[in-house]
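Accompanying notes for the structure given below.
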Amino acid sequence: RAKEHGNTFRLYDPSMDTKAYERMVLETDLRKALEREEFVLWYQPQINLATMRIKGVEALVRWNHPELGLVPPNKFIPLAEETGLIVPLGEWVLRTACQTNKRWQERGLQKLRMGVNLSMRQFRRDDLSDTVASVLAETGLDPADLELEITESMTMDLEQSLLTLQKLKGLGIQIGIDDFGTGYSSLSYLKKFPIDRLKIDRSFVSDIGADENDSAIVNTILLMAHSLHLKVTAEGVETEAQKEYLKSHGCDDAQGYLFSRPLPEGEIEQLLRAEQVG
Ligand code: C2E
Ligand code: CA
Ligand code: CA
Ligand code: CA
């Protein structure tokens with residue numbers, strides 16, 4: 001049976017398992033999804049633990065697939081990386097996130113930090129800082145209100161990474177290390193890299209209180225980060241006990257289902273308005 005996807009016909013092999021079939025559909029459709037404007041950004045609030053107010057949001061991409069519905073990033077970001085589509089997609093994410101942040105400010109809402117995830121392919125491109133500079137110029141967003149998130153594993157080439165980060169910092173933006181604690185463990189780079197923030201990976205946060213070792217890791221990250229004058233965001237905060245622990249140990253910001261799931265732009269706006277009133 002031939003199934004039509006756009007203008008290409010493919011043979012559907014019934015012996016193909018559902019996963020392989022789904023992947024094939026995704027790969028074909030992914031290429032067209034950008035022009036068809038099928039991607040959307042949702043935003044997850046980041047709460048300052050001292051004030052309990054929203055300090056920032058992280059932009060998280062979803063794919064509004066015409067047949068499959070809302071597809072989570074874990075299902076297509078790796079594919080987008082493999083195919084190279086992550087480069088134009090990542091630029092779309094960056095531009096859309098900056099536009100949205102600027103629009104919220106123009107509507108009189110509080111100034112927020114906008115976190116945007118970078119992928120390895122984007123981070124390795126020579127034109128990354130030019131792209132970021134032109135998006136900032138185009139959207140008029142204050143560079144200080146943009147925070148790019150990279151992971152430790154992207155920085156294996158220390159010298160090249162240092163150069164890239166220095167160029168990005170030169171634009172006046174913020175840089176955060178995502179999923180901190182899960183990558184390779186050369187900590188010397190922390191001192192050398194011009195970074196602003198560590199985001200403690202959810203795997204350490206989830207066992208706070210339950211697992212003594214994970215609490216020790218969280219404590220150590222907080223002490224080390226603060227002695228290097230870095231801010232810390234805890235990811236995946238789901239319980240009041242985790243929040244209290246993080247707060248009493250000086251963690252700056254927190255993000256997680258306890259406060260809010262990622263939400264569409266309009267719902268974030270409502271949250272911000274409610275916060276202004278209350
Ligand atoms: P991430 O950057 O670590 O983003 C945090 C993920 O944790 C998000 O999943 C978020 O919905 C989820 N999360 C937040 N709070 C909680 C919590 O309390 N409990 C649990 N269990 N999960 C929580 P999401 O949106 O599915 O994104 C998954 C990953 O996809 C992201 O992980 C990031 O690596 C990647 N991603 C998302 N958007 C982009 C993007 O625009 N570009 C790139 N390159 N990667 C992206
Ligand atoms: Ca992230
Ligand atoms: Ca993360
Ligand atoms: Ca993660």
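The values are calculated or read from the model by the stated rules, or taken from the named source; none is laboratory data. Fair warning: this is a prediction, and the values are worked out from it, not measured in the lab. When we count neighbours, we look across all protein chains shown, and the Cβ atoms used for this are built from the backbone with ideal geometry, even at glycine. These accessible areas exclude ligands, DNA and RNA; they are computed on the full protein's heavy atoms, side chains included. Shrake-Rupley method; radii C 1.70, N 1.55, O 1.52, S 1.80 Å.
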**Request:** Find all pairs meeting these conditions: Cβ atoms under 6 angstrom apart; at least six residues apart or on different chains; first residue within the range 189-208 and on the phi < 0 side of the Ramachandran plot and open to solvent by less than 30 Å² (accessible area, probe 1.4 Å); second residue away from ligand 3 (no atom under 12 Å from the Cβ) and of a type in the set (Gly, Ala, Ser).
**Result:** Leu198/Ala225; Ile208/Ser215
**Request:** Evaluate the following for Leu222: is it under 29 Å from Arg261 (Cα atoms), within 16 Å of ligand 1 (Cβ to nearest atom), open to solvent by less than 70 Å² (accessible area, probe 1.4 Å) and under 23 Å from the mean Cα position of the chain (by Cα)?
**Result:** no
**Request:** State yes or no: is Tyr257 surrounded by fewer than 22 Cβ atoms within 10 Å (Cβ to Cβ), aromatic (Phe, Trp, Tyr), closer than 30 Å to Arg121 by Cα and at pLDDT below 95?
**Result:** no
**Request:** Scan the range 54-86 for residues that are farther than 23 Å from Lys199 by Cβ and not small (Gly, Ala, Ser) and jot them down.
**Result:** Trp63, Asn64, His65, Pro66, Glu67, Leu68, Leu70, Val71, Leu79, Glu82, Thr83, Leu85
**Filter result for the condition that a residue is among the acidic types (Asp, Glu), under 23 Å from Thr233 (Cα atoms) and not in a helix (DSSP H, G or I), over Glu67, Glu35, Glu58** = Glu58
**Message:** I'd like to check something: does the range 66-78 contain any residue that is of a type in the set (Gly, Ala, Ser) and in contact with a strand residue (DSSP E or B) (Cβ under 6 Å, 6 or more places away or on another chain)?
**Reply:** no
**Request:** Filter the range 114-135 for residues that are of a type in the set (Val, Ile, Thr) and not in a helix (DSSP H, G or I) and give the result.
**Result:** Val116
**Prompt:** Could we say that Asp211 is within 14 Å of ligand 1 (Cβ to nearest atom) and over 23 Å from Ala50 (Cβ atoms) here?
**Reply:** no
**Asked** Among the residues of the range 105-155, how many are within 16 Å of ligand 1 (Cβ to nearest atom) and either under 24 Å from Tyr189 (Cβ atoms) or acidic (Asp, Glu) (or both)?
**Response** 25
**Item:** Identity of the residue in the range 159-204, among the small types (Gly, Ala, Ser) and away from ligand 2 (no atom under 16 Å from the Cβ), that ends up nearest to Gly256 (Cα to Cα)
**Value:** Ser185
**Message:** Condition first: open to solvent by 10 Å² or more (accessible area, probe 1.4 Å) and either under 21 Å from Leu148 (Cα atoms) or among the acidic types (Asp, Glu) (or both). Now tell me which residues in the range 231-250 satisfy that.
**Reply:** Lys231, Glu235, Gly236, Glu238, Glu240, Glu244
**Request:** Select from the range 1-54 the residues that are among the acidic types (Asp, Glu) and at pLDDT 80 or above and list them in ascending order.
**Result:** Glu27, Asp29, Glu35, Glu37, Glu38
**Message:** For the range 173-188, give me each residue that is touching a strand residue (DSSP E or B) at 6+ places or on another chain (Cβ under 9 Å) and either at pLDDT 95 or above or open to solvent by 40 Å² or more (accessible area, probe 1.4 Å) (or both).
**Reply:** Ile173, Gln174, Ile175, Gly176, Ile177, Asp178, Asp179, Thr182
